[in-house]
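Visitor: I'd like to ask some things about the structure below.
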Amino acid sequence: QVQLVESGGGLVQPGGSLRLACAASGFTFSSYAMGWYRQAPGKERELVARITRAGGSINYVDSVKGRFTISRDNAKNTVYLQMNSLKPEDTAVYYCNAQNYIYDVWGQGTQVTVSS
């Protein structure tokens, strides 16, 4: 089965760190660009970070630049999001996404809560 499974979310204090992981199975991971999205209640889902198939191109939403780092390990079929200096406005459900020119695949999401 085609699956993306996120892990690593939780409750942290402002200024803390979390590392999210997304484990892929059921498809050729290295053929897909990978992204992290987030959505808070009442807000639109937004792209947080994206990385191309071989990791050669990376982009971030302005609000996380300098704080978040996306990376991928194609040998482990896993994409990561290291989140440092977390702020209350980072609170959201974080979703993993795999994309190529035909398909989009989504994970179930993992909750990140930053206290205030």
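The values are calculated or read from the model by the stated rules, or taken from the named source; none is laboratory data. Worth saying up front: this structure is predicted, and the values here are computed from it rather than measured. Positions of Cβ are generated from backbone atoms using ideal geometry, with glycine treated the same way; all protein chains shown enter the neighbour counts. Note: areas computed on protein heavy atoms with side chains; ligands, DNA, RNA excluded. Shrake-Rupley method; radii C 1.70, N 1.55, O 1.52, S 1.80 Å.
Visitor: Could you do me a favour and compute the accessible area per residue for the chain, 1.4 Å probe, result in Å²?
Guide: It amounts to 53 Å² per residue over the chain.
Visitor: Continuing with the same structure: Show LEU81, LEU18 ordered by accessible area, largest first, where the area counts protein heavy atoms only and the probe is 1.4 Å.
Guide: Descending order: LEU18, LEU81.
Visitor: Can I ask one more? Compute the convex hull volume of the Cα atoms of the chain, divide it by the residue count, and report the result per residue in Å³ as a whole number. All intermediate terms of the calculation are to be shown ahead of the outcome.
Guide: Working: hull volume 11.4 nm³, N = 116.
It is 98 Å³ per residue.
Visitor: Need the C-alpha centroid separation for the stretch 56-93 versus the stretch 1-31, integer Å.
Guide: Rounded to whole Å, the Cα centres lie 10 Å apart.
Visitor: Run down the lysines and flag those whose C-alpha is under 21 Å from the C-alpha of LYS65, throwing out any fewer than 8 positions away in its chain.
Guide: Here the lysines satisfying the reach criterion relative to LYS65 are LYS43, LYS87.
Visitor: Considering only protein heavy atoms and a 1.4 Å probe, what is the carbon-and-sulfur percentage of the accessible area of the chain?
Guide: So the carbon and sulfur contribution to the accessible surface is 47 percent.
Visitor: On full extension of the chain, what length is gained from GLU89 through ALA23, given 0.36 nm per residue of separation minus the C-alpha to C-alpha distance?
Guide: Working: separation 66, 0.36 × 66 = 23.76 nm, distance 2.56 nm.
Taking GLU89 through ALA23 to full extension adds about 21.2 nm, to one decimal.
Visitor: Between SER57 and GLN3, what's the calculated FRET efficiency when r is the beta-carbon distance and R0 is 30 Å? Round to 0.05.
Guide: Between SER57 and GLN3 the formula returns 0.75.
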